[in-house]
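Notes to accompany the following structure.
The values are calculated or read from the model by the stated rules, or taken from the named source; none is laboratory data. As the structure is a computational prediction, the values presented were derived from the model and not from experiment. Cβ coordinates were reconstructed from backbone atoms using ideal geometry, including for glycine residues, and neighbour counts include every protein chain displayed. Please note that ligands, DNA and RNA were not included when accessible areas were found on the heavy atoms of the full protein model with its side chains. Shrake-Rupley method; radii C 1.70, N 1.55, O 1.52, S 1.80 Å.
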Amino acid sequence: DTAVSQTPKYLVTQMGNDKSIKCEQNLGHDTMYWYKQDSKKFLKIMFSYNNKELIINETVPNRFSPKSPDKAHLNLHINSLELGDSAVYFCASSPTGEDPQETQYFGPGTRLLVL
Amino acid sequence: DQQVKQNSPSLSVQEGRISILNCDYTNSMFDYFLWYKKYPAEGPTFLISISSIKDKNEDGRFTVFLNKSAKHLSLHIVPSQPGDSAVYFCATGGTSYGKLTFGQGTILTVHP
C-alpha cells in the first residue's frame with residue numbers, strides 16, 4: 001500500500017514532445033505538491049494544490065501545467081519538452097497544507113531524461 | 001539566490017561515531033526547520049523538525065540544533081549506524097503555508 005505513488009518511474013523522451021507524470025495519494029490528504037530536483041540536487045517546489053485548487057505556483061515555465069481531477073490525484077503535464085527539463089520530479093502530499101509544521105509525504109520520484 | 005544551503009556535499013563517518021550535518025539559511029522569516037532523509041530510488045522521508053522558538057529537539061539518536069542568530073541548523077546522529085547512510089536534506093518553512101525550501105542535500109556514508 002504505497003502512500004504516494006508516481007507513474008512512470010522513468011521517462012526518456014525527445015525534445016519537443018509532450019508528456020505527463022501522474023501522482024496519486026491514498027492518505028486522504030487535502031494538499032498535494034510537485035517538486036523538481038535539478039542537476040544541482042536542490043529540491044524546488046513547483047506547484048501545490050489544496051482540494052483541487054492551485055495554492056502555490058512558483059516561477060515555472062507555462063509549458064508545465066498541473067491538473068488535479070480530485071484531491072487524491074495531481075498530474076503534471078509538460079509541453080514542448082526541453083533538455084533543461086531533465087530532472088527528477090517528486091510528488092508529495094500533506095494533511096492540510098495550512099500548518100507549516102505538517103509533514104510532507106513524498107512519492108518515489110519520476111526520473112525524466114530529455115534527449 | 002539559494003536560501004538554504006548545505007555546504008558539505010558528503011560526509012563519511014565510522015559506525016558508532018557521531019555524524020554532524022550542517023545547514024545554513026538566509027531568510028529570517030523562516031520559522032520551522034526540518035530534516036528529511038532519502039534513500040536511492042525513494043522519495044525523501046521526514047526525520048525530525050524544530051520550530052524557531054526552540055534551540056534543540058531530540059528524538060532518539062537524532063538531535064537537531066538551531067542557532068537563529070547565526071541562521072544555522074545542524075543534525076547530530078549518535079551513534080551512527082550503517083543504515084543511516086542516505087542523503088539528508090534540510091528544509092525550512094513558514095513563509096507561506098506548505099511551502100518548504102530545501103537545501104541540496106548531504107550524502108552521509110557510515111562505514112561498519
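Just need the relative contact order of chain A here, percent rounded to a whole number, with Cα pairs under 8 Å and 6+ apart. All intermediate terms of the calculation are to be shown ahead of the outcome.
Details: 287 pairs, mean separation 42.1, N = 115.
Once normalised by length, the contact order is 37 percent.
Given 25 °C and 0.890 mPa s, compute D for chain A with the Stokes-Einstein relation, Rh being the Kirkwood radius over Cα pairs; round to the nearest whole µm²/s. Could the numbers behind the result be given before it?
Values: Rh = 14.0 Å.
The calculation lands on 175 µm²/s.
Given charges of +1 on the Cβ of Lys and Arg and -1 on the Cβ of Asp and Glu, with all other atoms neutral, how large is the dipole of segment A:1-80 about its Cα centre, in debye to the nearest 20? Walk me through the intermediate numbers first.
Values: 11 positive and 8 negative charges, 67 e Å.
Roughly 320 debye for segment A:1-80.
Gyration tensor over the Cα atoms of segment B:4-111: the corresponding equivalent ellipsoid has semi-axes (square roots of 5 times the eigenvalues, largest first) of 22, 15, 12 Å.
If R0 equals 41 Å, the separation of the Cβ atoms of A:GLU58 and B:ASN57 corresponds to a calculated FRET efficiency of about 0.90.
What do you reckon, how do A:THR96, B:THR63 stack up by accessible area (1.4 Å probe), largest on top? Walk me through the numbers on the way to the answer.
Values: A:THR96 45, B:THR63 15 Å².
Per-residue accessible area, sorted high to low, gives A:THR96, B:THR63.
Farthest toward the positive end of the dipole of segment B:4-111, out of B:SER80, B:GLN104, B:PHE62, is the Cα of B:GLN104, where the dipole comes from beta carbon charges about the Cα centre.
Thinking of the protein assembly as shown as a set of Cα atoms, what percent of all their pairs are more than 23 Å apart? Write down the numbers at each step before the final one.
On the way: 12259 of 25651 pairs.
For the protein assembly as shown, the fraction of Cα-Cα distances above 23 Å is 48 percent.
If a paramagnetic tag sat 7 Å from the Cα of B:LEU11 along the Cα-Cβ line, which residues of segment B:92-112 would have the backbone N under 12 Å from that point? Answer for this model: B:105-110.
Rolling a 1.4 Å probe over the protein heavy atoms leaves B:LYS56 with an accessible area of roughly 100 Å².
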